[in-house]
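Coordinate-derived values only; no laboratory data. Computed from a predicted structure; not experimentally measured. In this analysis, Cβ positions are derived from the backbone assuming ideal geometry, glycine residues included, and neighbour counts consider all displayed protein chains.
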Amino acid sequence: MPRVLDIDEKDRIILELLEKDPEMSQSEIAKIVGLSQPSVGSRIKKLKELGIISHAYGLNVKKSGLHILKVDIKCKKPSEIISKLSGCPFFLNGFVVAGDKNLTVFLGGEDLTTLEAIVDKHIRSEPEVYNVEAGIIVRSEKDVVMPIKMYIEKSKNAPCGDDSCENCEYWRIDLCLGCPITGHYKGKIWK
């Protein structure tokens, strides 16, 4: 069970400084906080061990220029939906949440119709999905980094379990760019 944050004022200042500038050196932080560089290093190490500080590399939602779709889902088994989507290159993250919709999924890509096709074909069509609401992220007020799979290992089998994009109506009528994994992808990100 995760512990409640047990940090003091100096830890909070360190976190705020790193949030504003993740590349700030420990020496610079030490001058601002009024501690020695080894003390700052020790505090940062403790914050990392507590899971309070973590490095995230991926897509900066605010700066990427890609479309991000937030999908709220009411379903019987949210973990199964996340598991099914987790191998999809368009899948950024998923959260099991409390409330009427018990799953929130973020999809990212260069084309909104592709993201909507993924929702229609791989989420709405699931028998244990009762309700789906999808909304386009219009703007992010802060930098938000979400992981995105940039290196795609080609395979005959799509991670969603579908046979092939060639058999998919969405792909045939250009409502979906296709799966980068199977080689049917018509977009630019994973070329």
Item to check | Inter-site label distance for Glu141 and Phe95 at 7 Å from Cα along Cβ, in nm | outcome: 1.4
Checklist outcome for this item: Placing one equal point scatterer on each C-alpha of region 1-71 and summing with Debye, one gets log10 I(q)/I(0) at q = 0.13, 0.17 Å⁻¹ equal to -0.48, -0.71
Checklist outcome for this item: The base-10 log of I(q)/I(0) that the Debye equation returns for the chain at q = 0.13, 0.17 Å⁻¹, one scatterer per C-alpha, is -0.80, -1.09
Checklist entry - Projected onto the charge dipole of region 49-125 (+1 at Lys/Arg Cβ, -1 at Asp/Glu Cβ, origin at the Cα centre), which of Leu85, Ile52, Ala98 gives the Cα projection farthest towards the positive end? => result Ala98
Checklist outcome for this item: If every Lys and Arg gets +1 and every Asp and Glu gets -1 at its Cβ, then about the Cα centre region 140-184 yields a dipole, in debye to the nearest 20, of 180
Checklist outcome for this item: Expressed in µm² per second, the diffusion coefficient of region 62-168 from the Stokes-Einstein equation, with Rh the Kirkwood radius over alpha carbon pairs, at 37 °C and 0.692 mPa s, is 226
Checklist entry - Roughly how many debye, to the nearest 20, is the charge dipole of the chain about its Cα centre, given +1 on each Lys and Arg Cβ, -1 on each Asp and Glu Cβ, and no other charges? => result 340
Next on the checklist: Counting pairwise Cα distances across region 49-99, what percent come out greater than 18 angstrom?
Outcome noted: 49
Checklist entry - Based only on Cα atoms, what Rg/Rh ratio does region 143-191 have, Rh being taken as Kirkwood's radius? => result 1.02
Item to check | For region 57-191: relative contact order, % (alpha-carbon pairs under 8 angstrom, 6 or more apart) | outcome: 31
Next on the checklist: Residue by residue through region 8-23, what is 3J(HN,Hα) from phi via Karplus (6.51 cos²θ - 1.76 cosθ + 1.60, θ = phi - 60°)? Round to whole Hz and write x for glycine and proline.
Outcome noted: 9, 4, 5, 4, 4, 5, 4, 4, 5, 4, 5, 5, 6, 8, x, 8
Checklist entry - What is the set of long-range amide H partners of Thr182 at a cut-off below 5 Å, with H atoms built 1.01 Å from backbone N? => result Ser155
Item to check | Across Lys46/Lys84; Lys45/Lys74; Lys76/Lys191; Lys77/Lys149; Lys63/Lys101; Lys62/Lys84, pairs whose alpha-carbon gap is larger than 31 Å | outcome: Lys46/Lys84; Lys45/Lys74; Lys76/Lys191
